[in-house]
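The values are calculated or read from the model by the stated rules, or taken from the named source; none is laboratory data. It should be emphasised that the depicted structure is a prediction, and the values quoted were computed from it without experimental measurement. Note: ideal-geometry Cβ built from the backbone for every residue, glycine included; neighbour counts use all protein chains shown. Ligands, DNA and RNA are stripped out before the accessible areas are found, and what is left, the full protein with its side chains, is counted by its heavy atoms. Shrake-Rupley method; radii C 1.70, N 1.55, O 1.52, S 1.80 Å.
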Amino acid sequence: MIILCSPVKTYASIAMGSRAQISEMNILLVAVVAALLIVIAYRERQLRRLHSKVYSSDQRFRKLYDAGLVGLIFTNLDGKVVHANKAFLDIIGYTEADIKNGEVNWNKLTPPEYAAITMEGVKQMYEQGYCSPFEKEYIRKDGRRVSIMLGSSRLAENDFAEAVTYVIDVSYKKQAELREQELNRTIKKQREELYSILMNAPAMIAIRRGPELRLEFSNKIASDFAKLGSGLGLTTEELMEKFKVMADPQLSREVYLTGVPFSAKAFHIQMDRHGTGQPEDIWLDMVLEA
């Protein structure tokens, strides 16, 4: 009996142990599968969010690319333009067909005097992955030049181009600068001509400015009349003290404050113009204007 019963208990124990182990393994397998499903779902959500961001970013770039506000080009670092938007083509006067035929190259577009600054930009692209904005000129298809500002960023190696560059037409700015320079030259020339006329006029002319009426200009005949040297920079009171002028100092101030001119024939003053200490009687035809 003992011999016959012992194996039955053993087989039952083994069977019961096997079923428990299988149950535990099933539970573990289910847990692993569940974990994998959670990870896969999480990754799918991440990929969907990433795809949404990329799509959104691509849409924004596409809107900018097509807007025509800024010239955008995709190039290789050897200068070949792979693709360009209409704004850029309008700036340089080329067509999409010209790009497809390989006729558009920023080496060809760049005048010789801008070669050095352009190569410096390319060097910066290699070293830093981007090129800081700078100004230069392009030669249009019709031979005319256009002033532009550009900046570039290097693309990933698996992209269809090596760099993306924005190009802005700043010709209007250059033209405004040239007009301003021309205007300044004209004003300077007119000032020089006026200075020459006033300096050599046959009448004594003096210009005083500011609340203190400091002497800013005195022509040759006026300087020669007063033998005590220059009075430039002196106020009315200081001029009267230096040249011992006997006259009403409020007369000039009243003209300055009211804007009402004053004129007189044979206006009498006293002045020690030789520095002898003896004032002289002087009669002048005088005009004061603010």
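Restricting region 219-236 to residues that are farther than 13 Å from ALA201 by Cα and modelled with pLDDT of 85 or more leaves a set whose member that is least open to solvent (accessible area, probe 1.4 Å) is THR235.
Select, from ALA41, ALA115, ALA35, ALA67, the only residue that is at pLDDT below 90 and closer than 23 Å to SER171 by Cβ. Working first, answer last.
On the way: ALA41 fails: closer than 23 Å to SER171 by Cβ; ALA115 fails: at pLDDT below 90; ALA35 fails: closer than 23 Å to SER171 by Cβ.
Answer to the check: ALA67.
Out of GLU157, GLU162, GLU193, GLU182, which single residue is free of Cβ contacts under 8 Å to residues at least 12 places away in the same chain, closer than 30 Å to ASN76 by Cβ and of a type in the set (D, E, K, R)? Even if it seems obvious, please write down each step before you answer.
Details: GLU162 fails: free of Cβ contacts under 8 Å to residues at least 12 places away in the same chain; GLU193 fails: closer than 30 Å to ASN76 by Cβ; GLU182 fails: closer than 30 Å to ASN76 by Cβ.
None of the others qualify; the one that does is GLU157.
Looking across region 146-156 at every residue that is open to solvent by less than 60 Å² (accessible area, probe 1.4 Å) and not in a loop (DSSP other than H, G, I, E, B), the one that is farthest from ASP169 (Cα to Cα) is identified as SER153.
Kindly indicate whether ARG209 is open to solvent by 50 Å² or more (accessible area, probe 1.4 Å), in contact with an Asp or Glu (Cβ under 6 Å, 6 or more places away or on another chain) and over 30 Å from GLY93 (Cα atoms). In short, yes. Those strands (runs of 3 or more DSSP E) of region 195-290 in which 1 or more residues are aromatic (Phe, Trp, Tyr) occupy 214-218, 262-271, 280-288. Pairs meeting the criteria (first residue in region 88-115 and closer than 14 Å to ILE139 by Cβ, second residue in a helix (DSSP H, G or I) and of a type in the set (S, T, N, Q), beta carbons under 6 Å, at least 6 apart or on different chains) are THR110/THR118.
Go through region 252-283 residue by residue and tally those that are among the aliphatic types (A, V, I, L, M) and surrounded by 15 or more Cβ atoms within 10 Å (Cβ to Cβ).
Let us first name the residues in region 252-283 that are among the aliphatic types (A, V, I, L, M), namely 255, 257, 260, 264, 266, 269, 271, 282.
With surrounded by 15 or more Cβ atoms within 10 Å (Cβ to Cβ) added as a condition, the list becomes 255, 269, 271, 282.
The qualifying residues number 4.
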